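The block underneath contains the structure these notes are about, expressed in structure tokens.
The values are calculated or read from the model by the stated rules, or taken from the named source; none is laboratory data. No experiment lies behind these values; they were computed from the predicted model shown. Cβ coordinates were reconstructed from backbone atoms using ideal geometry, including for glycine residues, and neighbour counts include every protein chain displayed. Note: areas computed on protein heavy atoms with side chains; ligands, DNA, RNA excluded. Shrake-Rupley method; radii C 1.70, N 1.55, O 1.52, S 1.80 Å.
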Amino acid sequence: MQISLKNKTKLNGVQILALGFLAVIIIGAVILSLPISSRSGEPTNFLDAIFTSTSAVCVTGLITLDTSTHWSTFGQTVIMALIEIGGLGFMSFTVLISLILGKKITLRERLVMQEAMNTFSIQGLVRMVKYVLIFTVSVQFFGALLLSTQFVPEYGIIKGFFYSIFHSISAFCNAGFDLFGTSLVGYSNNTVVILVISALIIIGGLGFTVLLE
């Protein structure tokens, strides 16, 4: 009877993924609702915070508050992290943290990864996730480096690099978030910005597996 009850309460891969994303959204919303996350230093309405968090994790780009004017640098960094987690997948970050901590990836975690990566076999999954993470970071870094040639002269070193990293991640993950308030309207004649952002959108949209094939 105890074994039966234990099996019934055991979560499957899909449920773990769903609950994982839900947890990320809620944690993100709580952080965004804090005074430190807003430019004014005032708490943000939780409904707006959870909408923004959901939009970032689900990479939709829809907003109820202007990303450039409402959120502080800390808040924008949280949004950027949520975009990355949503774009790459909850399990990819779980594996990354496990690898950093030197923790062994269990069979159960591999099965959840299989569900998340939509593969037929668990063989070589950890290695594949490593390649995906290395590929993602490399492309985003290179994209940010190219964007910095345009943003650093305009905004200064710190702000320019931050803008470059944020928009490189946002474009690669097809998130639609920007820090200009008018999307890329102000850069419609800037060939470097338009081409780099376009390339990041295409590469991120196709994904590692398609590009590998």
| message | Take Leu19 and Leu47, extend 7 Å from each Cα along the Cα→Cβ direction, and tell me the distance between the two endpoints in nm. | response | 3.0 nm
| request: Mark the label point 7 Å from the Cα of Phe135 along Cα→Cβ and return the residues of the range 164-189 whose backbone N is within less than 15 Å of it. | output: 172-173
| Which of Glu84, Glu42 is most accessible, then next, and so on - probe 1.4 Å | Glu42, Glu84
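So if we plug the beta-carbon distance of Ile194 and Ser40 into 1/(1 + (r/R0)^6) with R0 = 30 Å, what FRET efficiency do we get, rounded to 0.05? Let's see the in-between values first.
On the way: r = 33 Å, r/R0 = 1.09.
After rounding to 0.05, the efficiency reads 0.35.
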| field | Nitroxide proxy distance, nm - points 7 Å out along Cα→Cβ at Thr182 and Leu206 | value | 3.3 nm
| remark: Counting sequence-distant residues (5 or more places) and residues on other chains, those with an amide H built under 5 Å from that of Ser38 are Ser72
| remark: Whole-percent carbon and sulfur contribution to the accessible surface of the range 128-213 (1.4 Å, no ligands, DNA or RNA) stands at 71 percent
